[in-house]
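Data first, discussion second: the structure below is written as C-alpha coordinates.
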Amino acid sequence: METLNAAIIGGGAIHLCHVGALRQVPGVRLHALAEIDSEKGQALARTYGCHFYQDYRALLWDDEIDVVHICTPHHLHKAMVMEALAAGKHVFCEKPIGLDSREAAEIAGAAARAPGRLAVCYQNRLNPTSRQIMCELAGGTLGKMIGMKAVLTWSRGGRYYTHSPWRGRYATEGGSLLINQAIHTLDLMQWFGGGVARVKGVVDSGELAAVTEAEDSAMATLHFHNGARGLFYASNSYTTDAPLLLEIHCEAGMLQLRDNQLWRVCAGGRTHLISDPSPESDAKAYWGSGHLAAIRQFYQTLHHPSAPAEYTSIEEAGKSLALVEAIYHSSQTRQWITVNA
Ligand SMILES: NC(=O)c1ccc[n+]([C@@H]2O[C@H](COP(=O)([O-])OP(=O)(O)OC[C@H]3O[C@@H](n4cnc5c(N)ncnc54)[C@H](O)[C@@H]3O)[C@@H](O)[C@H]2O)c1
(Lines give C-alpha, C1' and ligand atoms only; values in the text may rest on other atoms or scores of the structure.)
Protein backbone atom coordinates (compact mmCIF):
# COMPACT_ATOMS: atom_id res chain seq x y z
CA MET A 1 0.00 0.00 0.00
CA GLU A 2 1.32 3.44 -0.94
CA THR A 3 1.97 5.71 2.06
CA LEU A 4 0.13 9.00 1.73
CA ASN A 5 1.50 12.23 3.18
CA ALA A 6 -1.01 14.14 5.31
CA ALA A 7 -0.91 17.72 6.52
CA ILE A 8 -2.99 19.49 9.14
CA ILE A 9 -3.98 23.16 8.99
CA GLY A 10 -4.79 24.50 12.46
CA GLY A 11 -3.13 23.20 15.61
CA GLY A 12 -5.94 23.90 18.09
CA ALA A 13 -8.16 21.68 20.22
CA ILE A 14 -9.51 19.30 17.58
CA HIS A 15 -6.26 18.72 15.70
CA LEU A 16 -5.26 16.31 18.49
CA CYS A 17 -7.99 13.89 17.35
CA HIS A 18 -6.61 14.05 13.80
CA VAL A 19 -3.02 13.48 14.93
CA GLY A 20 -4.16 10.56 17.10
CA ALA A 21 -6.08 9.00 14.20
CA LEU A 22 -3.26 9.50 11.69
CA ARG A 23 -0.96 7.54 14.01
CA GLN A 24 -3.34 4.57 13.88
CA VAL A 25 -4.53 4.53 10.28
CA PRO A 26 -2.37 2.38 8.00
CA GLY A 27 -0.78 3.90 4.88
CA VAL A 28 -0.50 7.51 6.04
CA ARG A 29 2.07 9.68 7.79
CA LEU A 30 1.83 13.21 9.18
CA HIS A 31 4.12 15.23 6.90
CA ALA A 32 3.38 18.85 7.84
CA LEU A 33 1.40 21.22 10.05
CA ALA A 34 0.35 24.80 9.31
CA GLU A 35 -0.48 27.06 12.24
CA ILE A 36 -0.77 30.83 12.18
CA ASP A 37 0.63 31.04 15.71
CA SER A 38 4.21 30.18 14.77
CA GLU A 39 5.48 29.55 18.31
CA LYS A 40 2.71 27.04 18.98
CA GLY A 41 3.00 25.52 15.50
CA GLN A 42 6.76 25.07 15.65
CA ALA A 43 6.52 23.38 19.03
CA LEU A 44 3.80 21.02 17.75
CA ALA A 45 5.77 20.23 14.57
CA ARG A 46 8.84 19.40 16.68
CA THR A 47 6.73 17.07 18.82
CA TYR A 48 5.30 15.34 15.75
CA GLY A 49 8.59 15.34 13.80
CA CYS A 50 6.92 16.98 10.79
CA HIS A 51 7.46 20.10 8.67
CA PHE A 52 6.05 23.42 9.84
CA TYR A 53 4.46 26.20 7.80
CA GLN A 54 3.05 29.38 9.25
CA ASP A 55 1.30 30.22 5.98
CA TYR A 56 -1.09 27.48 4.88
CA ARG A 57 -0.72 28.58 1.26
CA ALA A 58 2.96 27.61 1.37
CA LEU A 59 1.91 24.21 2.74
CA LEU A 60 -0.43 23.79 -0.25
CA TRP A 61 2.56 24.33 -2.58
CA ASP A 62 4.33 21.34 -1.00
CA ASP A 63 4.09 18.68 -3.74
CA GLU A 64 4.78 15.90 -1.30
CA ILE A 65 1.45 16.44 0.47
CA ASP A 66 -1.44 14.26 -0.70
CA VAL A 67 -4.14 14.99 1.91
CA VAL A 68 -4.96 18.14 3.88
CA HIS A 69 -6.92 18.09 7.15
CA ILE A 70 -8.60 21.42 7.89
CA CYS A 71 -8.97 22.13 11.62
CA THR A 72 -9.40 25.91 11.64
CA PRO A 73 -12.19 28.36 12.56
CA HIS A 74 -15.34 28.12 10.42
CA HIS A 75 -14.88 31.34 8.41
CA LEU A 76 -11.60 30.01 7.00
CA HIS A 77 -12.97 26.67 5.78
CA LYS A 78 -14.29 27.77 2.39
CA ALA A 79 -11.06 29.41 1.18
CA MET A 80 -8.85 26.68 2.61
CA VAL A 81 -10.91 23.82 1.16
CA MET A 82 -11.18 25.44 -2.26
CA GLU A 83 -7.48 26.32 -2.41
CA ALA A 84 -6.47 22.84 -1.26
CA LEU A 85 -8.71 21.22 -3.90
CA ALA A 86 -7.31 23.60 -6.55
CA ALA A 87 -3.80 22.52 -5.50
CA GLY A 88 -4.77 18.92 -6.29
CA LYS A 89 -5.01 17.71 -2.68
CA HIS A 90 -7.57 15.44 -1.09
CA VAL A 91 -9.30 17.26 1.78
CA PHE A 92 -10.71 16.13 5.11
CA CYS A 93 -12.44 19.17 6.63
CA GLU A 94 -13.85 19.61 10.10
CA LYS A 95 -17.53 20.52 10.30
CA PRO A 96 -19.21 22.73 9.30
CA ILE A 97 -17.99 22.82 5.70
CA GLY A 98 -18.61 26.59 5.63
CA LEU A 99 -20.55 29.38 7.26
CA ASP A 100 -23.77 28.76 5.30
CA SER A 101 -25.39 26.94 2.37
CA ARG A 102 -24.12 29.49 -0.13
CA GLU A 103 -20.55 28.66 0.82
CA ALA A 104 -21.36 24.94 0.81
CA ALA A 105 -22.72 25.22 -2.74
CA GLU A 106 -19.59 27.03 -3.94
CA ILE A 107 -17.39 24.36 -2.39
CA ALA A 108 -19.53 21.59 -3.91
CA GLY A 109 -19.01 23.16 -7.34
CA ALA A 110 -15.25 23.30 -6.82
CA ALA A 111 -15.18 19.73 -5.48
CA ALA A 112 -17.04 18.43 -8.52
CA ARG A 113 -14.32 19.85 -10.78
CA ALA A 114 -11.33 18.85 -8.63
CA PRO A 115 -9.34 15.62 -8.95
CA GLY A 116 -9.16 15.24 -5.16
CA ARG A 117 -11.78 13.83 -2.78
CA LEU A 118 -13.50 15.95 -0.13
CA ALA A 119 -14.83 14.54 3.16
CA VAL A 120 -16.43 16.44 6.03
CA CYS A 121 -15.99 15.29 9.60
CA TYR A 122 -19.32 14.11 11.03
CA GLN A 123 -17.72 11.45 13.16
CA ASN A 124 -20.88 10.70 15.16
CA ARG A 125 -22.32 8.94 12.12
CA LEU A 126 -19.64 6.32 12.74
CA ASN A 127 -20.64 5.69 16.36
CA PRO A 128 -21.69 2.05 16.85
CA THR A 129 -25.03 3.28 18.23
CA SER A 130 -25.65 5.46 15.14
CA ARG A 131 -24.87 2.59 12.80
CA GLN A 132 -27.15 0.30 14.79
CA ILE A 133 -29.98 2.84 14.63
CA MET A 134 -29.67 2.91 10.84
CA CYS A 135 -29.74 -0.92 10.75
CA GLU A 136 -32.79 -1.08 13.03
CA LEU A 137 -34.65 1.47 10.91
CA ALA A 138 -33.67 -0.24 7.65
CA GLY A 139 -34.65 -3.66 9.08
CA GLY A 140 -38.24 -2.47 9.27
CA THR A 141 -39.32 -4.49 12.32
CA LEU A 142 -40.14 -1.30 14.26
CA GLY A 143 -42.53 -0.18 11.53
CA LYS A 144 -43.04 3.35 10.32
CA MET A 145 -41.26 6.21 12.09
CA ILE A 146 -43.69 8.53 13.85
CA GLY A 147 -41.49 10.85 15.85
CA MET A 148 -38.01 11.65 17.07
CA LYS A 149 -36.68 13.78 19.90
CA ALA A 150 -33.18 14.88 20.80
CA VAL A 151 -31.92 16.71 23.85
CA LEU A 152 -28.35 18.00 23.97
CA THR A 153 -27.28 19.84 27.10
CA TRP A 154 -23.61 20.71 27.29
CA SER A 155 -21.51 23.11 29.32
CA ARG A 156 -19.29 25.75 27.72
CA GLY A 157 -17.89 28.34 30.11
CA GLY A 158 -16.62 31.81 29.34
CA ARG A 159 -13.03 30.59 28.94
CA TYR A 160 -14.03 28.38 26.01
CA TYR A 161 -14.99 31.56 24.13
CA THR A 162 -12.26 33.89 25.35
CA HIS A 163 -9.53 31.30 24.64
CA SER A 164 -10.59 31.10 20.95
CA PRO A 165 -12.28 34.43 20.25
CA TRP A 166 -13.58 33.29 16.83
CA ARG A 167 -16.14 31.21 18.75
CA GLY A 168 -19.54 32.71 19.48
CA ARG A 169 -19.24 35.32 16.70
CA TYR A 170 -21.43 35.46 13.58
CA ALA A 171 -18.56 36.55 11.32
CA THR A 172 -16.16 33.80 12.33
CA GLU A 173 -18.27 30.94 13.70
CA GLY A 174 -21.47 31.62 11.70
CA GLY A 175 -23.56 31.43 14.88
CA SER A 176 -22.69 29.44 17.95
CA LEU A 177 -24.43 26.46 19.58
CA LEU A 178 -26.32 25.33 16.45
CA ILE A 179 -23.53 25.58 13.90
CA ASN A 180 -20.79 24.31 16.19
CA GLN A 181 -22.03 21.84 18.81
CA ALA A 182 -25.64 20.91 17.94
CA ILE A 183 -24.95 20.50 14.21
CA HIS A 184 -23.87 16.92 15.02
CA THR A 185 -27.26 16.20 16.65
CA LEU A 186 -29.17 17.85 13.80
CA ASP A 187 -27.08 15.85 11.32
CA LEU A 188 -27.98 12.60 13.07
CA MET A 189 -31.66 13.55 13.27
CA GLN A 190 -31.94 14.39 9.58
CA TRP A 191 -29.88 11.30 8.65
CA PHE A 192 -31.95 8.90 10.76
CA GLY A 193 -35.21 10.50 9.58
CA GLY A 194 -34.29 10.59 5.88
CA GLY A 195 -34.31 14.38 5.61
CA VAL A 196 -36.23 17.33 7.03
CA ALA A 197 -38.85 19.10 4.91
CA ARG A 198 -39.54 22.12 7.16
CA VAL A 199 -38.72 23.46 10.56
CA LYS A 200 -39.85 26.04 13.08
CA GLY A 201 -37.44 27.01 15.82
CA VAL A 202 -36.06 29.66 18.10
CA VAL A 203 -32.58 30.44 19.30
CA ASP A 204 -31.69 32.63 22.25
CA SER A 205 -28.95 33.38 24.69
CA GLY A 206 -29.17 33.36 28.45
CA GLU A 207 -26.30 32.25 30.63
CA LEU A 208 -23.63 32.94 27.99
CA ALA A 209 -25.06 36.20 26.65
CA ALA A 210 -22.18 38.18 28.12
CA VAL A 211 -19.50 36.17 26.29
CA THR A 212 -21.11 35.17 22.98
CA GLU A 213 -22.69 37.36 20.35
CA ALA A 214 -24.72 34.37 19.10
CA GLU A 215 -27.08 31.85 20.71
CA ASP A 216 -26.33 29.49 23.58
CA SER A 217 -29.67 27.63 23.39
CA ALA A 218 -32.16 26.51 20.75
CA MET A 219 -35.36 24.53 20.28
CA ALA A 220 -37.12 23.43 17.13
CA THR A 221 -39.95 21.32 15.71
CA LEU A 222 -38.97 19.36 12.61
CA HIS A 223 -41.28 17.89 9.97
CA PHE A 224 -39.46 15.03 8.26
CA HIS A 225 -40.08 14.10 4.61
CA ASN A 226 -41.38 10.73 5.87
CA GLY A 227 -44.19 12.44 7.81
CA ALA A 228 -42.61 11.99 11.27
CA ARG A 229 -42.36 14.90 13.70
CA GLY A 230 -39.14 15.78 15.50
CA LEU A 231 -38.51 17.78 18.65
CA PHE A 232 -35.07 19.22 19.29
CA TYR A 233 -33.64 21.07 22.26
CA ALA A 234 -30.02 22.04 22.81
CA SER A 235 -28.05 24.31 25.10
CA ASN A 236 -24.43 25.09 25.86
CA SER A 237 -25.33 26.53 29.24
CA TYR A 238 -25.97 23.38 31.25
CA THR A 239 -23.69 22.63 34.21
CA THR A 240 -22.07 19.52 32.75
CA ASP A 241 -21.66 17.76 29.39
CA ALA A 242 -24.56 15.33 29.45
CA PRO A 243 -24.56 12.55 26.82
CA LEU A 244 -26.99 13.06 23.95
CA LEU A 245 -30.50 11.85 24.69
CA LEU A 246 -32.23 10.68 21.52
CA GLU A 247 -35.43 8.75 21.02
CA ILE A 248 -37.04 7.44 17.84
CA HIS A 249 -40.71 6.58 18.14
CA CYS A 250 -41.97 4.02 15.61
CA GLU A 251 -45.29 2.20 15.17
CA ALA A 252 -44.03 -0.99 16.84
CA GLY A 253 -41.65 0.41 19.45
CA MET A 254 -38.88 2.85 20.20
CA LEU A 255 -35.14 3.23 19.95
CA GLN A 256 -33.65 5.05 22.91
CA LEU A 257 -30.10 6.40 23.12
CA ARG A 258 -29.17 7.45 26.64
CA ASP A 259 -25.83 7.44 28.46
CA ASN A 260 -24.23 6.26 25.17
CA GLN A 261 -26.28 3.05 25.34
CA LEU A 262 -28.82 2.10 22.69
CA TRP A 263 -32.01 0.30 23.69
CA ARG A 264 -34.93 -1.13 21.70
CA VAL A 265 -38.18 -0.81 23.62
CA CYS A 266 -41.12 -2.89 22.38
CA ALA A 267 -44.21 -4.50 23.89
CA GLY A 268 -42.03 -7.46 24.86
CA GLY A 269 -39.67 -5.34 26.97
CA ARG A 270 -36.41 -3.40 26.73
CA THR A 271 -33.39 -4.86 24.90
CA HIS A 272 -29.88 -3.46 25.12
CA LEU A 273 -28.50 -3.27 21.57
CA ILE A 274 -25.03 -1.68 21.68
CA SER A 275 -22.94 1.00 23.41
CA ASP A 276 -20.43 3.58 22.25
CA PRO A 277 -16.87 3.16 23.49
CA SER A 278 -15.11 5.82 25.54
CA PRO A 279 -13.05 8.21 23.42
CA GLU A 280 -9.29 8.10 22.96
CA SER A 281 -7.29 9.80 25.69
CA ASP A 282 -6.63 13.01 23.66
CA ALA A 283 -10.31 13.51 22.94
CA LYS A 284 -12.94 15.19 25.05
CA ALA A 285 -15.72 12.74 25.91
CA TYR A 286 -18.38 14.86 24.21
CA TRP A 287 -16.57 14.58 20.84
CA GLY A 288 -17.24 10.84 20.98
CA SER A 289 -14.80 8.29 19.63
CA GLY A 290 -15.62 8.56 15.94
CA HIS A 291 -12.68 10.56 14.58
CA LEU A 292 -10.52 7.50 14.13
CA ALA A 293 -13.30 5.65 12.29
CA ALA A 294 -14.13 8.65 10.09
CA ILE A 295 -10.49 9.29 9.18
CA ARG A 296 -9.83 5.58 8.62
CA GLN A 297 -12.86 5.41 6.32
CA PHE A 298 -11.57 8.35 4.25
CA TYR A 299 -8.11 6.84 3.81
CA GLN A 300 -9.65 3.51 2.85
CA THR A 301 -11.34 5.27 -0.05
CA LEU A 302 -8.11 7.05 -1.02
CA HIS A 303 -6.25 3.73 -1.00
CA HIS A 304 -9.05 1.90 -2.84
CA PRO A 305 -10.60 4.55 -5.09
CA SER A 306 -12.68 2.08 -7.09
CA ALA A 307 -14.56 0.85 -3.96
CA PRO A 308 -17.79 2.69 -3.05
CA ALA A 309 -16.99 5.87 -1.09
CA GLU A 310 -18.55 5.86 2.37
CA TYR A 311 -17.25 9.06 3.94
CA THR A 312 -19.52 12.08 4.56
CA SER A 313 -19.55 13.99 1.28
CA ILE A 314 -20.05 17.71 0.78
CA GLU A 315 -23.62 16.97 -0.35
CA GLU A 316 -24.36 15.08 2.91
CA ALA A 317 -22.60 17.75 4.98
CA GLY A 318 -24.74 20.43 3.36
CA LYS A 319 -27.93 18.92 4.78
CA SER A 320 -27.29 19.71 8.45
CA LEU A 321 -25.90 23.11 7.51
CA ALA A 322 -29.14 23.86 5.63
CA LEU A 323 -31.12 22.75 8.69
CA VAL A 324 -29.07 24.98 11.01
CA GLU A 325 -29.61 27.88 8.64
CA ALA A 326 -33.36 27.21 8.47
CA ILE A 327 -33.64 27.29 12.28
CA TYR A 328 -31.78 30.62 12.41
CA HIS A 329 -34.10 31.96 9.69
CA SER A 330 -37.20 30.64 11.49
CA SER A 331 -36.08 32.24 14.73
CA GLN A 332 -35.77 35.62 13.01
CA THR A 333 -39.08 35.43 11.13
CA ARG A 334 -41.13 33.30 13.56
CA GLN A 335 -42.26 31.29 10.50
CA TRP A 336 -42.01 27.68 9.35
CA ILE A 337 -39.05 27.46 6.98
CA THR A 338 -38.65 24.98 4.13
CA VAL A 339 -35.29 23.25 4.41
CA ASN A 340 -33.43 23.50 1.12
CA ALA A 341 -31.19 20.49 1.43
N1 LIG B 1 -15.90 17.10 14.98
C2 LIG B 1 -15.96 17.56 16.23
O3 LIG B 1 -16.54 16.96 17.13
C4 LIG B 1 -15.28 18.86 16.54
C5 LIG B 1 -14.94 19.19 17.86
C6 LIG B 1 -14.28 20.41 18.09
C7 LIG B 1 -14.02 21.27 17.03
N8 LIG B 1 -14.40 20.92 15.77
C9 LIG B 1 -14.19 21.83 14.63
O10 LIG B 1 -12.79 21.96 14.42
C11 LIG B 1 -12.49 23.26 13.93
C12 LIG B 1 -11.46 23.92 14.85
O13 LIG B 1 -12.01 23.99 16.16
P14 LIG B 1 -11.06 24.03 17.45
O15 LIG B 1 -11.97 23.83 18.60
O16 LIG B 1 -9.91 23.11 17.26
O17 LIG B 1 -10.57 25.55 17.40
P18 LIG B 1 -9.28 26.18 18.11
O19 LIG B 1 -9.55 27.62 18.24
O20 LIG B 1 -8.93 25.38 19.32
O21 LIG B 1 -8.13 25.91 17.04
C22 LIG B 1 -8.08 26.57 15.79
C23 LIG B 1 -6.62 26.68 15.41
O24 LIG B 1 -6.52 27.20 14.07
C25 LIG B 1 -5.43 28.10 14.06
N26 LIG B 1 -5.55 29.02 12.92
C27 LIG B 1 -6.38 30.09 12.81
N28 LIG B 1 -6.19 30.67 11.61
C29 LIG B 1 -5.26 29.94 10.96
C30 LIG B 1 -4.65 30.05 9.68
N31 LIG B 1 -4.97 31.04 8.81
N32 LIG B 1 -3.70 29.15 9.34
C33 LIG B 1 -3.36 28.15 10.20
N34 LIG B 1 -3.90 28.00 11.43
C35 LIG B 1 -4.84 28.89 11.80
C36 LIG B 1 -5.52 28.81 15.40
O37 LIG B 1 -4.32 29.48 15.74
C38 LIG B 1 -5.83 27.64 16.31
O39 LIG B 1 -4.66 27.01 16.78
C40 LIG B 1 -13.84 23.97 13.84
O41 LIG B 1 -14.36 23.77 12.55
C42 LIG B 1 -14.70 23.23 14.85
O43 LIG B 1 -16.09 23.31 14.59
C44 LIG B 1 -15.00 19.74 15.51
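The values are calculated or read from the model by the stated rules, or taken from the named source; none is laboratory data. Computed from a predicted model, the values in this text were never measured in an experiment. Positions of Cβ are backbone-derived with ideal geometry, glycine not excepted, and every protein chain shown enters the neighbour counts. In case anyone asks, the SASA skips ligands and DNA or RNA and just uses the protein heavy atoms, side chains included. Shrake-Rupley method; radii C 1.70, N 1.55, O 1.52, S 1.80 Å.
A few notes on this one:
- Estimated FRET transfer efficiency (ALA210, ALA171; beta-carbon r; R0 22 Å; 0.05): 0.75
- Distance from the alpha carbon centroid of region 1-47 to that of region 199-241 works out to 33 angstrom.
- Selection from THR212, SER275, HIS329, by position along the positive dipole direction of region 206-341 (Cβ): SER275
- The residues of region 182-341 present an accessible area of 47 Å² per residue when probed at 1.4 Å with all protein chains retained.
- The chain: antiparallel DSSP beta bridges as a percent of all, rounded to 5: 60
- Cα-centred dipole magnitude for the chain, charges only on beta-carbon of K, R (+1) and D, E (-1), debye, nearest 20: 740
- Selected from ALA87, ALA182, ALA317 as most flexible by GNM, with the chain as the system and alpha-carbon contacts under 10 Å: ALA87
- The figure for VAL202 is an accessible area of roughly 40 square angstrom, using a 1.4 Å probe on the protein chains alone.
- Cα-based Rg and Dmax for region 4-123, where Dmax is the largest Cα-Cα distance (Å): 13.3, 38
- ARG113 paired with THR239, simple spin-label distance in nm, labels 7 Å along Cα-to-beta-carbon: 5.5
- The chain: most fluctuating residue of GLY269, GLY116, GLY49 per GNM, C-alpha cutoff 10 Å: GLY269
- Accessible-area composition of the chain, carbon plus sulfur, in percent [1.4 Å probe]: 51
- Computed over the chain, the per-residue total of -39500 (n - 2.57) for DSSP H runs of n ≥ 4 gives a 222 nm mean residue ellipticity of -10500 deg cm²/dmol, rounded to 500.
- Size descriptors for the chain: radius of gyration and Dmax over Cα atoms are 19.8, 62 Å.
- For LYS319, the lysines whose Cα comes closer than 23 Å to its Cα, not counting residues fewer than 8 places off in the same chain, are LYS78, LYS95, LYS144, LYS149, LYS200.
- For THR129, THR240, the ranking by accessible surface with the largest value first comes to THR240, THR129, using a 1.4 Å probe.
- Mean accessible surface per residue for region 4-123, computed with a 1.4 Å probe while every protein chain stays in place, in Å²: 39
- The DSSP beta bridges internal to region 4-123 are antiparallel in roughly 0% of cases.
- Rolling a 1.4 Å probe over the protein chains gives ILE9 an accessible area of about 10 Å².
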